[in-house]
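See structure below.
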Amino acid sequence: MANVELHGSDRLTTAVAHAYSATVPAGATVHIAGVAPLDEGGTTLAPGDVQGQVRAAVANLRVILDERGAGLADVARLTVFVAEHLQIDLQVAVDTLAELFGDLPPLSVVGVSRLRYDDQVVELEAVAAL
């Protein structure tokens, strides 16, 4: 398990819920793309539900990280795609991530028009230190 150190900024707003940057000692990283809220059979979990899909996608992310010998605390960068048009849906995603992660890594939350699977409204990409 790597030592990811999260950083805020004394010169930028503290109104954001996540770190602005992360320092990771030189070493191996894993780049994780397209974590969708799917069950083992490929069915979309919590159809159309941002909070439910964040929970399902993070559960799948945990599996991938665990297979690589890492955990949520090792995530140094997170990108969240939300296929909803309301600002509140983006905030629901961030609030749910904060509940699951504790200290949020640097992240971007991007509103998109559509995601790959039927009824999918959330997808995650992550970079984690090993």
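Values in this text are rule-based calculations from the coordinates and carry no lab data. None of these values were measured; they are calculated from a predicted model. We place every Cβ from the backbone using ideal geometry, glycine too, and count neighbours over all the protein chains shown.
The table below lists the values:
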quantity: Cα-based helix-to-principal-axis angle, 87-101 vs the chain, degrees rounded to 10; calculated: 60 degrees
quantity: Long-range HN-HN contacts of LEU104 with modeled amide H, under 5 Å; calculated: ALA19
quantity: Under-5 Å amide H pairs with LEU45, H placed in peptide plane, nonlocal only; calculated: LEU38, ASP39
quantity: Segment 1-55 pair-distance distribution - Cα-Cα, 5 Å bins, rounded %; calculated: 4, 14, 14, 13, 14, 18, 16, 6, 2, 0
quantity: Trypsin sites (Lys or Arg not before Pro) within segment 51-120, DSSP loop, no more than 13 other Cβ atoms inside 10 Å; calculated: ARG114, ARG116
quantity: Computed Rg/Rh of the chain, alpha carbon atoms with Kirkwood Rh; calculated: 0.97
quantity: Dipole moment magnitude, nearest 20 debye, segment 5-129 about Cα centre, only Lys, Arg, Asp, Glu C-beta charged; calculated: 320 debye
quantity: Mean residue ellipticity (222 nm) of the chain, computed from DSSP H runs ≥ 4 via -39,500 (n - 2.57), nearest 500; calculated: -8500 deg cm²/dmol
quantity: Residue among ILE88, ILE64, ILE32 with the largest mean-square fluctuation in a Gaussian network model of the chain, springs linking Cα atoms under 10 Å; calculated: ILE88
quantity: The chain: angle of helix 50-67 to the longest principal axis, Cα-based, in degrees nearest 10; calculated: 50 degrees
